Ligand SMILES: [Zn+2]
């Protein structure tokens, strides 16, 4: 008993290491040991009494989920200014970011040139964006922003302290590193690497994502210095899903700033996923009402859905609406437009509903791999269904045909938005369905000053394939005549 007490009251770093090595069955538990390390880190990092902080940074970032090629690096952005205000007491964060595209290829919805400013918040179980003074719910950002809030240098200490973290040891360059591990239930799991100065050098974490499932993230902090009474790194680097997402230099840090971020009423209002159904042609409906929409196509004895976007919630509402529109025929097939996570976030839910997924061959290989990774942190519909994904891949063209309808799926070649981009063409209706290559502006809005290269490429693909398109049904926006595509591309019809 005396030895046990002695083990528990050891205080220095080397004694803690010795404790782990020597005390054996009499040692304090891994949780008690972690608590000891965390108490010291809490003091050393200046996290004790820290309710909020504000830091600014600049550098480079990358847009997670918007790779040009599925399974390859996320597209680069140049960050002119990133400001984060974090309230650790309320679990809220606001990020204001000013950035521009760092490379032309890949998604993200940013203009080819010029600066973009985004404001995103998280708190109270909600994520929301602010644009033009208006707040709008952004459910899809909740998991990522919650994770980002707590994988900050002081945030990880606070999160570990409330979650019964456990301790193991490793060495790096001959120095001891304490590995403090925990799970914030339903949100993320993490291991903080704490060095002999009780500073967090690295965080390995896992957060849930609608496409990748359990997604690995590594965040490293270097160049610690004392700023405003806390230890804060000069450089923050992060990867998600195996590729970099952030490499910024910290410019300013302020401690215990005003950080009241109440959830706006508009965000807190009861939320219903709205799916409207507009008939575009006989047996063809535009399932809209969201930021990312879908098209339902009726075949002789089954139904085909084009696009299952965003995530479980949107996908489930779209599938329900599709089944309601044509109750007599089974919904059997999903056509996915491309690899970007906003457009493919509902593919897992489609699989859970028994749909076969038709997508470009490279997407097929990628989804097969990512869907094999469980979403164990926040089990999704696919995890709960226990279903295995079925895919039909194609290289450049696939025709789905029965007695009532022919439907052509074409690989859009050479587009800078995605290497695995698809468009769907209904020859009888002369209707083209596409996402992101052309998104019409508001009715009667003037055409953009410069043509979008993705739209120019879309026109080139339509010409090369001799598609007699009369109308376009974009998955963002409204059905328009083909003339609007030519106007946007600043090209002439052939
Ligand atoms: Zn896209």
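What the table below lists for this structure:
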read-out: Estimated distance in nm for a label pair at residue 396 and residue 130, the labels positioned 7 Å out from Cα along Cα-to-Cβ; value: 5.1 nm
read-out: Over region 83-200: Kirkwood hydrodynamic radius from C-alpha pairwise inverse distances, Å; value: 16.5 Å
read-out: Stretch gain in nm, segment residue 164-residue 483, where the contour uses 0.36 nm per residue and the Cα spacing is subtracted; value: 108.7 nm
read-out: Value of [θ]222 nm, deg cm²/dmol, for the chain, DSSP H segments ≥ 4, -39500 (n - 2.57) each, nearest 500; value: -6500 deg cm²/dmol
read-out: In degrees, nearest ten, helix 13-22 long axis to first principal axis of the chain (Cα); value: 90 degrees
read-out: Chain lengthening between residue 183 and residue 80 when straightened (0.36 nm per residue, less Cα-Cα); value: 33.7 nm
read-out: Efficiency of FRET between residue 494 and residue 374 - r from beta-carbon atoms, R0 30 angstrom, step 0.05; value: 0.05
read-out: Spacing of the two label points (7 Å from each Cα toward its C-beta) at residue 256 and residue 464, in nm; value: 6.3 nm
read-out: Backbone N within region 220-247 under 18 Å of label point (7 Å from residue 197 Cα along the Cβ vector); value: 220-237
read-out: Ordering of 111-120, 272-281, 344-353 by packing [mean C-beta count within 10 Å, highest first]; value: 344-353, 272-281, 111-120
read-out: Value of D in µm² per second that Stokes-Einstein yields for region 97-157, Kirkwood Rh from Cα pairs, at 25 °C (0.890 mPa s); value: 183 µm²/s
read-out: Anisotropy class of region 280-431 from Cα gyration tensor, a/c 1.5 cut; value: oblate
read-out: Quarter of Cα convex hull surface for the chain, i.e. mean projection, nm²; value: 25.5 nm²
read-out: Fraction of beta bridges assigned by DSSP in region 272-489 that are antiparallel (%, nearest 5); value: 65 percent
read-out: Helix axis angle, 30-44 relative to the chain longest principal axis, alpha carbon, degrees; value: 90 degrees
read-out: Region 52-266 - convex hull of alpha carbons, volume per residue in Å³; value: 128 Å³
read-out: Beta bridges per DSSP with both ends in the chain, % antiparallel, nearest 5; value: 90 percent
read-out: Acute angle (nearest 10 degrees) that the helix 312-325 long axis makes with the longest principal axis of the chain, alpha-carbon atoms; value: 30 degrees
read-out: Estimated FRET transfer efficiency (residue 175, residue 447; beta-carbon r; R0 45 Å; 0.05); value: 0.15
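Values quoted throughout were computed directly from the atomic coordinates according to the rules given, and no laboratory measurement underlies them. None of the values given here were measured: they were computed from a predicted structure. Note that we place each Cβ from the backbone using ideal geometry, even for glycine, and neighbour counts take in every protein chain shown.
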